[in-house]
Every structure is written in structure tokens, then in C-alpha cells.
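Take a look at the structure set out below.
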Amino acid sequence: MAARVVGRAGRLALVVRSSAVRLQSRLHGSTGLRSGSQANFFPPLEDAMLPSGSFNNRMALITGGGTGLGRAMTATLSQLGAQCIIASRKLDVLQRTAEEISSQTGNKVHAVQCDVRDPQAVSQCVDQIEALTGLPDVIINNAAGNFVCPSERLSPNAWKTITDIVLNGTAFVTLELGKRLIQNQKGASFLAITTIYAESGSGFVVPSASAKAGVEALYKSLAAEWGRYGHRFNIIQPGPIRTKGAFSRLDPTGAFEKAMIDRIPTGRLGTPAEIANLAAYVSSNYASWMSGAVIRFDGGEYVSLAGEFNELRSVTPDQWKLLEAMIRKTKGS
Ligand SMILES: CC/C=C\C/C=C\CC/C=C/C=C/C(=O)SCCNC(=O)CCNC(=O)[C@H](O)C(C)(C)COP(=O)(O)OP(=O)(O)OC[C@H]1O[C@@H](n2cnc3c(N)ncnc32)[C@H](O)[C@@H]1OP(=O)(O)O
Ligand SMILES: NC(=O)C1=CN([C@@H]2O[C@H](COP(=O)(O)OP(=O)(O)OC[C@H]3O[C@@H](n4cnc5c(N)ncnc54)[C@H](OP(=O)(O)O)[C@@H]3O)[C@@H](O)[C@H]2O)C=CC1
């Protein structure tokens, strides 16, 4: 009896699987029933969302602001009136970005070299910022390092490099600025950019997952402790958004991108402008009651990966009739 049930279930699974695969390949190539078409429902809007002038007379520090998502956040804040400071290791990249953005927005963007792994360099960078603009009102901890690697291949220095940039770097920048802001009785909005796997953990990016989880604990803890000094601490967990920095280190051959898009319910990657709008909102006075928040911004990827039954999206209506009939026939346990 048991063998008959297993046999029938096995045959059904095969039928369901093979017809789903046939349908998938007819509609969308070899994999992914759902990629592409539903993205039309979710077009990305690229223009700045907040009223112009929302950041007038405000200073914003964005670490890693020379490239990728940090650059997009800088462009949006600058467009909305902020004077921005971007900081990272490569001064030439920072200077190019700063010139490009200020020439478009008419607002000054300053470039300051800083390796966030070095607490002394961070302290000197903050000295420079104080001299250039005064202490910032907005701090976005966006700088990061990452690469995919089986954990058994990680050297101690590989582990240290990622955790130093992501966790220690964020802590050094946050503590240095926090202490000086407290001394000067000035409030500020702190935002950390983490990732959806800071919550779940993920194989093959273990130093990054561990360090990003640490950043989330740091920001939630300080949200509780430093509200009394006028500081807000929030976190954005982005899903996949194409940048050279991330994609060259996480998907160097491009082999995983389609599978990744297929599992995103909104059917597409995010865009830098979309996350820049969210970061601007969280950092603005429109969000002055938001602190300790963790905002997942991933097109639905996290819940899509988490739900055990989500693969049933590929079951067709005819197959559902068959499945329902089988389930209804079952009596007792
Ligand atoms: C389908 C998937 C596609 C995309 C997925 C998209 C979204 C999913 C969620 C994504 C989350 C993304 C999170 C991110 O953080 S993306 C940000 C990526 N950007 C960067 O990493 C920019 C900065 N990175 C760097 O500068 C370098 O990559 C590095 C290595 C982090 C730091 O450079 P540095 O010069 O300081 O360090 P090195 O001396 O080169 O290396 C130090 C140490 O690490 C070892 N190492 C380096 N690379 C590797 C590697 N690929 N594999 C294993 N080990 C590596 C290196 O050998 C050194 O160790 P020792 O030899 O000294 O022992
Ligand atoms: N793109 C994506 O899909 C996702 C990105 N994220 C997060 O978004 C943020 C931005 O990533 P993204 O724009 O994609 O990638 P980038 O590689 O473009 O950005 C990383 C930035 O960090 C800076 N940086 C690296 N190491 C240091 C250091 N030691 N000191 C100071 N700055 C440093 C780099 O500048 P420099 O080399 O000049 O130092 C670079 O500008 C990161 O926090 C990342 O973890 C999270 C989830 C998904």
C-alpha cells in the first residue's frame, strides 16, 4: 500500500515537474516561469521622491559614496540640497564622483580619503569633515567588502579583512562621530546598509553575513541607548541591485543572475535610484519618528526564499485539479 502511494506520488511529482519545465521553457527559456513578465507591474521610478530642498542646510557623510549604491545615495541627497562628504580609500574615484555630482546638482560634494578599518584614519577623517562642513546631520555607513568563497578556503586574513571593513569600520565611524556629536549636543540620523542575509545567514559569504549581523546588533543597540542624545539609528537590507562592486565579487561569471531574478516576486533587480530614495527618506526629518527600524528592500526575495511551499508557483491549474482531488480523497490520518 505504502509503495503504491509512494509510486503514485512520485509519478505525479514527475508529471507536475516535467510539464512545469515544458511550460517554463516555452514562455521564458530554460528556467524561471516567473521572471520578466511580472516586472512590468513594478516599474522603478528614478526621480527624487522627497520635495526639493528637503536637505537644505544639512550635511551628509556617506562612506563608500564614490561608487555603486553610495554614489546613488549621494546624488539624491545632493539633489535634495545636502552638502555631502564621501569617504573611502580611493581618492581619485571619490574626486571624480564628487565633481560629477556637484556639477549636476550645484551643491558641493567633498571627497575625503579614509580607510574605515583604521580607527586613527577615521578620527583624522572626522577632523577633516569638521573643518570642511562641521559635524554631519546624516551619516550613512555604506562602505563594505565581500566576495563569495567556500568557508573552508578562507584564510584568517580574508575573514579579518571583511569583518574589519564591515563591522569594525561601521563601529569606528559611528563611535567617532557619535562621541563628537554628543559632546556638541547635536543630533543626527545614522543609517547602516546591511543585506537580507544578515538575518538568515548565508553560506559562501560567511564573513559578510557575520559582520552585517553585527552591524544590525550595533545599530539596534544604539537606537535604544543614544535616542537621549538626539540620534536615530536605522538599517536598510537591500536585495540584489546591480553594481560593479557587488556583482563582480558575488557573481563573477554572471551565471547566477537569472536564477536570482526568477526567485524575486517582483521579477527584477532593484535600482540604485530606488534605494537612494528610501535612504533619503529614512535620513530625512519626514522619518524623525523612525529609529531602530530594519527595512528589508528586496522585491520580495527574502520571503520567496524562506517559504517551503513557494516552488508550488510552477504548478498549473490542471495540475492543481489533480492535486486537490488526491487531497480531498484522503480520509483520516
Ligand atoms: C547572483 C549573485 C549576484 C549578486 C548578488 C547580489 C545581491 C545579494 C546580496 C548582496 C550583498 C552584497 C554585499 C556586499 O557587501 S557587496 C560589496 C562588494 N564591494 C566590495 O567588496 C568593494 C571592496 N572590496 C575590496 O576592496 C576587495 O574585494 C577586498 C578583498 C574585500 C579588500 O581588498 P584588500 O586589498 O584590502 O584585500 P586583499 O589584500 O586583496 O585581500 C585580503 C585577504 O582576503 C583574501 N581574499 C581576497 N579575495 C579573495 C577571494 N575572492 N577568495 C578568497 N580569499 C580572498 C586575500 O587572499 C587576503 O588574504 P591572505 O591571502 O592575506 O590570507
Ligand atoms: N549591490 C547589491 O546588490 C547589494 C549591496 N549591499 C550593500 O550595499 C553597500 C554598497 O555596495 P555596492 O554599492 O553594491 O558596492 P561597491 O563595491 O560599489 O561599494 C562598496 C564601497 O565601499 C568602499 N570601501 C571598501 N572598503 C573600504 C574601506 N576599507 N574603507 C572605506 N571604504 C571602503 C569602496 O570604496 P573604495 O574602494 O574607494 O574604498 C566602495 O565605494 C554595501 O554595504 C553592500 O554590502 C547589500 C546588499 C545588496
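The values are calculated or read from the model by the stated rules, or taken from the named source; none is laboratory data. Small disclaimer: the values here were computed from a predicted structure and weren't measured. FYI the Cβ positions are ideal-geometry reconstructions off the backbone, even for glycines, and counts take in every protein chain you see. SASA here: full protein model, heavy atoms, side chains in, ligands and nucleic acids out. Shrake-Rupley method; radii C 1.70, N 1.55, O 1.52, S 1.80 Å.
One residue is enough: does segment 133-144 have a residue meeting the conditions more than 16 Å from ligand 1 (Cβ to nearest atom), in a strand (DSSP E or B) and either at pLDDT 95 or above or more than 18 Å from Ala273 (Cβ to Cβ) (or both)? Scanning segment 133-144, I find at least one residue that is more than 16 Å from ligand 1 (Cβ to nearest atom), in a strand (DSSP E or B) and either at pLDDT 95 or above or more than 18 Å from Ala273 (Cβ to Cβ) (or both), so the answer is yes.
Scanning segment 94-119 for residues that are in a helix (DSSP H, G or I) and either away from ligand 2 (no atom under 14 Å from the Cβ) or over 16 Å from Thr174 (Cβ atoms) (or both) turns up Leu94, Gln95, Arg96, Thr97, Ala98, Glu99, Glu100, Ile101, Ser102, Ser103, Gln104, Thr105. Within segment 221-243, the set of residues being within 16 Å of ligand 1 (Cβ to nearest atom) and either over 16 Å from Thr170 (Cα atoms) or among the aromatic types (Phe, Trp, Tyr) (or both) comprises Pro238, Gly239, Pro240, Ile241, Arg242, Thr243. Evaluating Gly66 against the criteria (1) small (Gly, Ala, Ser); (2) within 22 Å of the chain's Cα centre (by Cα); (3) part of a helix (DSSP H, G or I) leaves one unmet condition, (3).
Selection of segment 93-122 for residues being within 15 Å of ligand 1 (Cβ to nearest atom) and open to solvent by 40 Å² or more (accessible area, probe 1.4 Å) yields Gln113, Asp115, Arg117, Asp118.
Going residue by residue through segment 124-145, is there one that turns out to be open to solvent by 40 Å² or more (accessible area, probe 1.4 Å), aliphatic (A, V, I, L, M) and either within 16 Å of ligand 2 (Cβ to nearest atom) or touching a strand residue (DSSP E or B) at 6+ places or on another chain (Cβ under 6 Å) (or both)? Looking for residues that are open to solvent by 40 Å² or more (accessible area, probe 1.4 Å), aliphatic (A, V, I, L, M) and either within 16 Å of ligand 2 (Cβ to nearest atom) or touching a strand residue (DSSP E or B) at 6+ places or on another chain (Cβ under 6 Å) (or both), one finds at least one in segment 124-145, hence yes.
The set of residues in segment 304-319 that are open to solvent by 70 Å² or more (accessible area, probe 1.4 Å), at pLDDT 95 or above, within 23 Å of Ser202 (Cα to Cα) and in a helix (DSSP H, G or I) contains only Leu305. The criterion of being among the hydroxyl-bearing types (Ser, Thr, Tyr) and open to solvent by 70 Å² or more (accessible area, probe 1.4 Å) does not hold for Ser151. Of the residues in segment 271-279, none is more than 16 Å from ligand 1 (Cβ to nearest atom), over 14 Å from the mean Cα position of the chain (by Cα) and either under 14 Å from Leu69 (Cβ atoms) or open to solvent by less than 20 Å² (accessible area, probe 1.4 Å) (or both). Number of residues in segment 234-257 that are more than 9 Å from ligand 2 (Cβ to nearest atom) and open to solvent by 80 Å² or more (accessible area, probe 1.4 Å) equals 3. The helices (runs of 4 or more DSSP H) found entirely in segment 233-289 that carry 1 or more residues being in contact with a strand residue (DSSP E or B) (Cβ under 6 Å, 6 or more places away or on another chain) are 272-283.
For segment 198-215, the tally of residues that are closer than 16 Å to Asp251 by Cα and open to solvent by 20 Å² or more (accessible area, probe 1.4 Å) stands at 4.
With respect to Glu301, determine if the residue is open to solvent by less than 60 Å² (accessible area, probe 1.4 Å) and on the phi < 0 side of the Ramachandran plot. Here the answer is yes, as Glu301 does meet what is asked.
Among residues of segment 61-84 that are over 12 Å from Ala280 (Cβ atoms) and buried (at least 24 other Cβ atoms within 10 Å of the Cβ), those with a beta-carbon under 7 Å from a residue that is charged (D, E, K, R) and at pLDDT 95 or above at least six positions away or on a different chain give the pairs Gly65/Arg71; Gly66/Lys90.
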